[in-house]
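Remarks on the structure that follows.
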Amino acid sequence: MAARQTLTATQTQRLSITPGLRQGMSLLQLSTVDLWAEIARVAAENPLLDYTEGGERQLPDFDTATRTISESQTLAQNLTKQITLMDLPKQVSLLAQYLAADLTEDGYIEHSDEDISDMLDLSLVTVERAIDALQACEPTGIAARNLGECLALQLIEKGVPGQAAHLACQHLDLLVEQQWRRAHRVTGLAIEALQDIAQLLPGLNPHPGRDYAPLAAPMIPEIEVELDRGGNLNVVLIRDVQPRLQLDDQLLAQMSRDSALRRQFRTPAQAMIGALAFRNETLLKVAQVLVRRQTAFFTRGPDHMAPLTRADLAADMGLHPSTIGRAICGKALIFNGITHPLSGFISSAVSNGTGAQVSAYSVQRRIRRMIEHEQPDAPLSDSEIAAVLRSEGVDIARRTIAKYRGCMNIPSSFERGRLGAMRRNRPAPPGSGSPE
């Protein structure tokens, strides 16, 4: 039977990096104070934009906040500057800048090369070149796909041959456990070389994006959540803190239709107004779904935070997880006079041993309370905390306790015991003893 060629039409949805999308996504990822600064900058360069700054509501000091922006940069801003100095094809450069704003808090590429290629309808070669460009930036280890690649990039900078660094970091568990013979068999590297690499590991940074130029500016809520008398949660955008942007119709009317200035500034002005509207609309929608998914937190208290991931929100809204990430990064809501970062409502799940799940946030609160009430001379070890939680039905490992404790900046039991002993043995200040 002869094969026949047929032509069929199919519809697929893909995200293309158009200038409008880039501008909308760029504004979406900005914190409130960054947004003020960016809108003010654009309005100063475009005479057709009529701009009124936000910040009229009695919130953290606007001048202090905007001054901080000029003194610090986000990781994405710094990476973008480095990318623009490289001699790259335009599409590779644009993609690298796009991915720079899509890194995790630790500085990792969150999605596989194939997913990025499929989502943006770009070739794998373009994706790989963009990631290579990002990995050539400072800090070293940034834009890695996983921990092994992150550490390998840093080892290479320290003089370890590239192939050896990548092979060794594919088997970090063997190096940490000092299983030299087994590591030699699976990597083919000499035991002495593996031992040298293992000695370098403690000095590497597994979170290259976390400590880079954190924004010291106050977090200003853009969303307000109110519980009405009927027990309903109302979620609204706080208009008082939003910059207001519109076309200067009076100036536009004075320009002829063929005016060069009109052609130069009108389209960019309309694009910026549309991008700001897109940001506000997306932020509000994400906040509304987030609050709906975390109703128990608002009605019953923080201990009732539900497990929720960016992927959960994305699936609920029909958006991509990276869009959710941009929408919650650096944003906050206010509820009962307390400001809560939106990212704080994203919490992984921990099994409670009965098939149900509790949020990692709730478990962390329980750990903090246990440590706050421990005996100063007998601090609880991670194993003891894990045992208590397991007795309460939370299926958790000791290493997870250590991880959560580190996230909350709580020292180890040894360090807490040492600090407690220092306080107890500290000499009394002069004049504090008995007058006799």
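Nothing in this text is a laboratory measurement; each read-out follows from the coordinates by a stated rule. In this text, all values refer to a predicted model and were calculated from it rather than measured experimentally. A quick note on method: Cβ atoms are made from the backbone with ideal geometry, for glycine too, and the neighbour counts reach across all protein chains shown.
Quick notes on this one:
- Among Ser343, Ser322, the order by Cβ neighbours within 10 angstrom, fewest to most, reads Ser343, Ser322.
- Amide H contacts under 5 Å for Asp50, placed H, 5+ residues apart: Gln246, Leu247, Asp248
- Straight Cα distances below 30 angstrom link Lys158 to the lysines Lys81, Lys403, with same-chain residues fewer than 8 positions distant left out.
- Between the amide H of Ile142 and any residue lying 5 or more places away or on another chain, no distance stays under 5 Å, with hydrogens modeled in the peptide plane.
- Phi-derived couplings, Karplus 6.51 cos²θ - 1.76 cosθ + 1.60 at θ = phi - 60°, listed residue by residue for segment 273-290: 4, x, 5, 5, 5, 4, 4, 5, 5, 5, 4, 5, 4, 4, 5, 4, 5, 4 Hz, with x used for Gly and Pro.
- Listed by chain and number, the aspartates and glutamates whose alpha-carbon sits under 13 Å from that of Lys331, ignoring those within fewer than 8 places in the same chain, are Asp34, Glu222, Glu224.
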